[in-house]
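> Quick one: the structure is below, and I'll ask about it shortly.
What follows draws every value from the coordinates through simple rules; no lab data is involved. Not measured: the values here are computed from a predicted model. All Cβ positions, even for glycine, are placed from backbone atoms using ideal geometry, and neighbour counts span all protein chains on display.
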Amino acid sequence: MSRYKNIKIDTMSMHSMIDEDSDLIPLLSPEDEEEMNKELVPDVLPILPLRNTVLFPGVVIPITATRDKAIALIKEVNKGDKTLGIVAQKDPANKNPSFDEIYHTGVVAQILRVLTMPDGNTTVIIQGKKRMKLEGLVEEEPFIRAKAIEVIDDLFVENTEEFNEIIQTVKDTALNVIEENPNIPSEGTFAIKNIQSNSFLINFISSNIDLSVEEKQELLEINSLKDRAIATLKKLNIELQRLELRNDIQNKTRVDLDQQQKEYYLHQQLKTIQEELGGNSHEAEVQELIVKAKKKKWSKEVKETFEKEIARMKRLSPQMPEYSIQRNYLELMLELPWNIYTKDKFNLKEAQEVLERDHFGLEKVKDRIIEHLAVLKLKGDMKSPIICLYGPPGVGKTSLGKSVAEALGRKYVRMALGGLRDESEIRGHRKTYIGAMPGRLIQNLKKVGTSNPVFVLDEIDKMASGMQGDPASAMLEVLDPEQNSAFYDNFLEIGYDLSKVMFIATANNIGDIPWALRDRMEMINVSGYTIEEKMEIAKRHLLPKQLKEHGLKTSHLKIGKQQLELIVTGYTRESGVRNLEKVIAKLVRFAAKSIAMEEEYEVTLTDDKIKDILGSARMERNKYENNDVAGVVTGLAWTSVGGDILFIESILSKGKGLSITGNLGNVMKESATIALEYIKANAEEFGIKQKTLDENKVHIHVPEGATPKDGPSAGITMLTSLVSTFTQRKVKSKLAMTGEITLRGKVLPVGGIKEKILAAKRANIKELILCEANRKDIEEIKESYLKGLKFHYVTEMKEVIEIALTKQKVKKTVVKAEA
């Protein structure tokens, strides 16, 4: 009973302590336990009820006495043999429990020390001795006295192998509980390891484990030490699992909390640094956005959206990925030109002068812009038209947009659509994606700073469908005047008015534009330039531009009219002027090099000097091929780069049938077949013998076989070539034709007339055969462009033959099959 060591008392769970800690831990030896068991239990014991704990045999606990009965009991017992009975009361809130309101199983205890605390309370340290059971009440005043009998533990299994294994498991589990519980000091491990008595180990653990009074009372009332050990082990395992779960949760929470604390600390440092450097903190950034928003001319819907999104930004931490997206979104709303418009110029004469100054020709386009300005001037407001300029490359479709913007007094913006495959480039990305951004339409409007610019959609025919959607379908809303007043961008998530934007689309081939998109635009054909127009453009625009770009003055290089014609006809073969500009740039570089190297050169270029600089003329062979041989006919074709001349040849050989070469498409092959069948049906009218048709094979060839050719324009050309071959009548000199035929010999109209006429003039053609229905296309062309050309309008194929073929027969020019 004397073996106590001065160690910090909180050995296991201090839930068993009543009011304060003790500084004693008993290390009860088997000898002490044997001596304690020899002590007899008095017949009558003073009973001290405990409110919130259960005392077990051998265990030492401190008790603070606050009730009058408890203080009186302790004083009397401390004067005598210091023995008393300890039981737990059933209701902890009961300040004066009766005999029936306490548990009747408890322990005989002995007072070890009585201490008077500085606050006046009495603290007594007691140790449990033996289990006992109350048999009856003796008296309740001044405190409870009751009859008691000893309750003996069932110890017959104490030395079995199974019991020893249970005790070891209890000890190991208790040690694990101490390790998992950070509130239990390391002295608890020392106490468990040094307890030698099995029964005291069970009692010590039962007393200190975190259980309710009811659960501890159940353990105290178990008579079998083995059963009490098993019950205690169950409670220990539950406690261990609870501690492990709690520690796991705490560890996870601690990691999250540590990370948040770290981020908060870094954010506060960043905030301080920004303030020192004059930057904006999070709160200042939000406030700055709110101040900017007050100056915007927003509709009610846009204003409500901004207020909702700014409130969301206030709730976000600056370290969150969504914060930067939210900030970008709000900055976009502030930077977009909501209801900001430039004022249109209504000086129509000045606008017309601007268009005439910057572009030569293009009369339809200029007239359309002036018409639009006129309506704006009279009405004051209207939905802007969607214009599509289509034609060959290099004719000024894109650059026309700048002139239109200047003429209207509007800002200019251009967006290239060539090769566009991603629909989000038009409609933008949704804000749920990291790196989300608005579509290029909204981005360009933000950049230009006005909601009514001239917006050029370049190469609209070259958009393509891909894995990311169909951008051409996304353009349907953009280019529909009835829908684009509330254009929906996925990033902006609110309608934006595009109805005041003047869209000008450009395309080379309208056949590549989806029909639904083409239907929404006003199509204006920008055809190629005549030789005279090219010369004028070179003189007015291209030469001055190249001189300026190369740092020269107009006095450093001069090109005469004759020399310009040589350059246009001999070194370019295009509908536009892009290659012409490159050729002029080469001449300007020659002058720049001569000036830089201080060499003498001719300021006014001659034909010979141009040939020295550029080499021999490369386009002479394409001008015209003679018709000295029957069967060779000059046709006219339309290509994506403008008009061109097309030579068709035919020849007879022994055999039967029809063969076609020259990389022709299905349409041209059908035209050849129709032409031959028409000739066979009308052979007598053309003076062709049936024997010649039956015994000869016809071969038709279109030179330059590497170039694919197709289209409904070569019907009359093929028929003329075949009749010429069969009759050996050659085609008139410097004559070309275009048109399609039917099986009955009717001539059908074709398209691309202006481009074909320009190609004819470049090839030095003097006469043209066209369908009567194409007369209206000729009437739309300036008379100056038609100078030097003679037109023959026909409706029947027989008329073509009468006009195209000479009367005399060509002899010995082709190999003819013998009869």
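> What percent do you get for the relative contact order of the chain when only Cα pairs under 8 Å and 6+ apart count?
Relative contact order for the chain comes out at 8 percent.
> Note down the magnitude of the dipole of the chain about its Cα centre, charges +1 on Lys and Arg C-beta and -1 on Asp and Glu C-beta and zero elsewhere, to the nearest 20 debye.
7280 debye
> Another question, if that's okay. Taking the mean number of other Cβ atoms within 10 Å as a proxy for protection, how do you rank 738-749, 304-315 from highest to lowest?
For the peptides 738-749, 304-315, the packing ranking is 738-749, 304-315.
> Still on this structure, I have one more. Going through the cross-link list K691/K746; K691/K732; K82/K193; K345/K539; K292/K383; K411/K446, which pairs have a Cα-Cα distance over 22 Å in this structure?
As for pairs spanning more than 22 Å Cα to Cα, those are K691/K746; K691/K732; K82/K193; K345/K539; K292/K383.
> Something else now. Give me the one-decimal nm value for the distance between modelled label points at D694 and K377, 7 Å along each residue's Cα-to-Cβ direction.
Between D694 and K377, the label points sit 7.6 nm apart.
> Taking R0 as 35 Å, what FRET efficiency do you get between E161 and E39 from their Cβ-Cβ distance, rounded to the nearest 0.05?
It comes to 0.65.
> Let me ask you something else. Return the long-range amide H neighbours of S224 (sequence gap of 5 or more, or a different chain), with a cut-off of under 5 Å between placed amide H atoms.
D154
> Right, here's the next one. What ³J(HN,Hα) values, in whole Hz, does the Karplus curve 6.51 cos²θ - 1.76 cosθ + 1.60 give for the range 781-789 when θ = phi - 60°, with x put for Gly and Pro?
Going residue by residue, I get 8, 4, 4, 5, 6, 9, 4, x, 10 Hz, with x marking Gly and Pro.
> Sticking with this one: Pick out, from L330, V302, L289, the residue whose Cα sits farthest towards the positive end of the charge dipole of the range 282-335, with +1 on the Cβ of Lys and Arg and -1 on the Cβ of Asp and Glu.
V302
> Now for a different question. As a check on your grasp of the helix formula, calculate [θ] at 222 nm for the chain: sum -39500 (n - 2.57) over DSSP H runs of n ≥ 4, divide by the residue count, round to the nearest 500.
-13000 deg cm²/dmol
> Oh, and also: Using all Cα-Cα distances in the chain, what percent lands in each 10 angstrom bin from 0 up to the longest?
Taking all Cα pairs of the chain, the binned fractions are 2, 10, 12, 11, 9, 8, 7, 6, 5, 5, 6, 7, 6, 4, 2, 0, 0 percent.
> Nearest 0.05, what FRET efficiency do S485 and H550 give at R0 = 51 Å with Cβ-Cβ as r?
0.60
> Still on this model: With unit charges on the beta carbon (Lys/Arg positive, Asp/Glu negative), name the residue among V723, P712, S384 whose Cα is farthest towards the positive pole of the charge dipole of the chain.
Result: V723, furthest along the dipole toward the positive end.
> Now for a different question. Using amide H atoms built in the peptide plane, which far-off residues or other-chain residues are under 5 Å from L316 H to H?
When sequence neighbours closer than 5 places are left aside, there are no close amide H contacts.
> Here's another thing I want to ask about it. As I understand it, the dipole of the chain uses +1 on the Cβ of Lys and Arg and -1 on the Cβ of Asp and Glu, about the Cα centre. Which of G631, V478, G739 lies farthest toward its positive end?
Looking along the dipole axis, the top candidate is G631.
> When you have a sec, figure out the Kirkwood radius of the range 531-621 from all distinct Cα pair distances and drop it here in Å to one decimal?
13.2 Å
> Now for a separate question. Using θ = phi - 60° and the Karplus curve 6.51 cos²θ - 1.76 cosθ + 1.60, what whole-Hz ³J(HN,Hα) does each residue of the range 421-434 get, with Gly and Pro shown as x?
10, 9, 4, 5, 5, 8, 9, x, 9, 6, 5, 6, 8, 5
> Residue by residue through the range 360-371, what is 3J(HN,Hα) from phi via Karplus (6.51 cos²θ - 1.76 cosθ + 1.60, θ = phi - 60°)? Round to whole Hz and write x for glycine and proline.
9, x, 6, 5, 4, 5, 4, 4, 5, 5, 5, 4
> Please identify which residues in the range 549-593 have an amide N closer than 15 Å to a label point set 7 Å out from the Cα of T604, following the Cα→Cβ vector.
It comes to 555-564, nothing else.
> Moving on to the next point. How much of the DSSP bridge set in the range 348-525 is antiparallel, in percent, rounded to the nearest 5?
15 percent
> Then there's this: Sort C771, C388 by Cβ crowding within 10 Å, fewest neighbours at the top.
The fewest-first ordering by Cβ neighbours comes to C771, C388.
> Sequence-distant or interchain residues sharing an amide H contact under 5 Å with G662, placed H: which?
For G662, the qualifying residues are V702.
> Take the Cβ-Cβ distance between K680 and N525 as r, set R0 to 30 Å, and report the resulting FRET efficiency rounded to the nearest 0.05.
E between K680 and N525, to the nearest 0.05, is 0.15.
> Right, another one. Restrict the search to the range 452-507; then list the GluC sites (Glu not before Pro) that DSSP places in a loop and that have at most 16 other Cβ atoms within 10 Å of their Cβ.
E482, E493
> DSSP beta bridges in the chain, what fraction antiparallel, as a percent rounded to 5?
Rounded to the nearest five, the antiparallel share is 55 percent.
> Mind ranking 145-153, 602-610 by how tightly packed they are, going by the mean number of other C-beta atoms within 10 angstrom, highest first?
Descending mean neighbour count gives 145-153, 602-610.
> Can you check how the C-alpha radius of gyration of the range 348-525 compares to 2.2 N^0.38 Å, as a plain ratio?
1.02
> Further question: Dividing the Cα convex hull volume of the range 707-779 by residue count, how many Å³ per residue is that?
115 Å³
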